[in-house]
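Worksheet for the structure shown next.
Every number in this text was worked out from the coordinates using simple rules, so none of it is lab data. Values in this document were obtained by computation on a predicted structure and should not be read as measured data. Heads up, the Cβs are rebuilt from the backbone with ideal geometry, glycines too, and the neighbour counts pull from every protein chain shown.
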Amino acid sequence: MQIIKSSKAQYEYEIHALVKSFYPAWDVKILTPDSVIKDRKILETPPVMELKFLDDHVEFIVHDGLHNKSNSYTWWNTDQTESDEYKNAFGRFLYTSLQEETGISLPWGNLTGVRPTKLIMGMLEHGESEQEIAAFLREKHFVSEEKIDLGIEIAQRERKILSTLHYEDGYSLYVGIPFCPTTCLYCSFTSYPIGAWKERVPDYLTALEKEMETAAQLYRGKILDTVYIGGGTPTSLSAGEIDRLITSLKKYFDFSTVQEFTVEAGRADSITDEKLKVMRRHGVTRISVNPQTMKESTLKLIGRQHTVRQVADAFHMTRKAGFDNINMDIILGLPGEDKEDVRSTIESILVLAPESLTVHSLAVKRAAGLGRWIEEHGITAYNNTEEMMQIAALGADAMGMAPYYLYRQKNMSGNFENVGYAVDGRYGIYNILIMEEKQTILALGAGSITKKVTRTTMADGRENILIERCENVKEVAQYIERIDEMIERKRRLFEEM
Ligand code: SF4
């Protein structure tokens, strides 16, 4: 564990996020005057960095225990206010100090949030020009020219795509199916192996139907724009169960206005012709068949338990069933994969020609099996590179796709981003909505999070968006047992509507 001591409690999150961005393999612990630490080991560990907030300056000291020396960086500032301006300036000081210390410039500069395009979209909507936005990102946040261009291009495209949605009087619906054929090594979602949970699926669907009924009443009269069934792997359910699920959804919600209806089939080993027919009959418009990689040994390593051949077969089956909007997800930075593996995965996908490709950079979460696996094997998984990102981007371009949404995650391999590419008119609208937080998303099922979006206009003409959340419990058994409590939480969230 790497200890960082700060004499001020306020900027713990900013310090942690920035230091982790420069040193992704570190397990960082920030100690501030407010920290309550009982672990003697932590208290006795010498800090690797220190931040001293003094009357007229801030001192940032980096200790190199190995060579018994320290580097010191100073920011002269007498401003003792805790304004946003001060916080931003402090972020710049810390970023430039770390940049000098490591000799590394981060692609997204000191932007550590998960939604950089949301910031850009907000500025565009406020009437700022692309040049003004670029200067702001360059000068205030040290974002690279390439990421500035990418961010602005995506934000502009998102605005166009979202222009047909009903922000004020519309909403989107998410339904979580938390079962999968097996659990992937890197999984950090709510997922239970279907083999062990098969008997509880009918109870789960019954609870879900109860939640649907109330949620539909709470949002009666609003326009349903998009529907997304995700998880987990929704196609872990049998064809009959999928039929029951969508039939119930259509009983409670008005699908006549739906612009996009996605089912994240995900795992190739869960897709059958019968299930595809059920989804087609119910008007599913977009489906995901996710390989993550087309390298056999990596699939085995990450616990997918399906082959490359099965991915191609599932894709062809989906196409044959009549789907003309198929997405494929891949992950860059998987253990042991190099740029040639990425190139080979992209070449295999080019042959299949999906309508969209979502490129993820591996995010290692300590809770996931992959985090433990990495620790045990003493390997670094942070091997995604700019070159790999470029190979994926060129592959998407060769398939006639353009980038249309982007987000970042904590502990992301190489400090890059996840990018969704799609051919024109085959975008994943729901994906943009999740990132841009423009519209209420009513979320049902275990582990789902409902976001209520309320828009008001402030005195200066800017739009203020209030986001209120309501979470469902993650454990399936708890969700089934406590469904009335989940419903009550939703009722409370929407009662003032
Ligand atoms: S398919 Fe997705 S949700 Fe299921 S175990 Fe793998 S990563 Fe987790």
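Computed extension length for Asp55-Trp76: 6.6 nm, one decimal, from 0.36 nm per residue of separation with the Cα-Cα distance subtracted. In the chain, the sites counted are GluC sites (Glu not before Pro) in DSSP loop states with at most 16 other Cβ atoms within 10 Å, and the longest stretch holding none of them, exclusive of the sites, is 169-436. Mind running the shape call on the stretch 85-188? Use the C-alpha gyration tensor, a ≥ b ≥ c as the square roots of the eigenvalues: rounded below 1.5 for a/c, prolate if a/b tops b/c, oblate otherwise. Here the stretch 85-188 falls in the oblate category. Label reach from Asp273 (point 7 Å along Cα→C-beta): in the stretch 202-245, amide nitrogens under 20 Å belong to 235-243.
If the label point is 7 Å along Cα→Cβ of Arg200, which residues in the stretch 416-458 have backbone nitrogen under 20 Å from it? So the set is 444-449.
Short-range pairs are left out: with C-alpha atoms under 8 Å and at least six residues apart, the relative contact order of the chain is 14 percent. Excluding the site residues themselves, the longest part of the chain lacking any trypsin sites (Lys or Arg not before Pro) in a DSSP loop with at most 13 other Cβ atoms within 10 Å is 39-219.
On full extension of the chain, what length is gained from Arg281 through Asp64, given 0.36 nm per residue of separation minus the C-alpha to C-alpha distance? Before the final figure, lay out the partial values.
Values: separation 217, 0.36 × 217 = 78.12 nm, distance 6.41 nm.
Stretched fully, the Arg281-Asp64 segment lengthens by 71.7 nm.
What pairs in Lys222/Lys250; Lys41/Lys87; Lys222/Lys452; Lys20/Lys300; Lys300/Lys410; Lys438/Lys474 have C-alpha atoms more than 20 Å from each other? With Cα atoms farther than 20 Å apart: Lys41/Lys87; Lys20/Lys300; Lys300/Lys410; Lys438/Lys474. Given +1 at the Cβ of Lys and Arg, -1 at the Cβ of Asp and Glu and no other charges, the dipole of the stretch 1-104 around its Cα centre is 460 debye to the nearest 20. Dipole of the chain computed with +1 at Lys/Arg Cβ and -1 at Asp/Glu Cβ about the Cα centre; of Ile148, Ile223, Val453, farthest Cα towards the positive end is Ile223.
Taken about its Cα centre, the stretch 251-328 carries a charge dipole of roughly 160 debye when the Cβ of each Lys and Arg holds +1 and the Cβ of each Asp and Glu holds -1. Spin-label model, Leu350 to Asp460: label points 7 Å out along the Cα-to-beta-carbon direction sit 4.8 nm apart. Compute the Cα gyration tensor for the stretch 164-484, then decide on rounded, prolate or oblate, letting a ≥ b ≥ c be the square roots of its eigenvalues: rounded whenever a/c is under 1.5, prolate when a/b is larger than b/c in the other cases, and oblate in all that remain. Taking the square roots of the gyration eigenvalues as a ≥ b ≥ c, the stretch 164-484 is rounded. Magnitude of the charge dipole for the chain, about its Cα centre and with charges confined to Cβ atoms of Lys, Arg (+1) and Asp, Glu (-1), is about 1440 debye.
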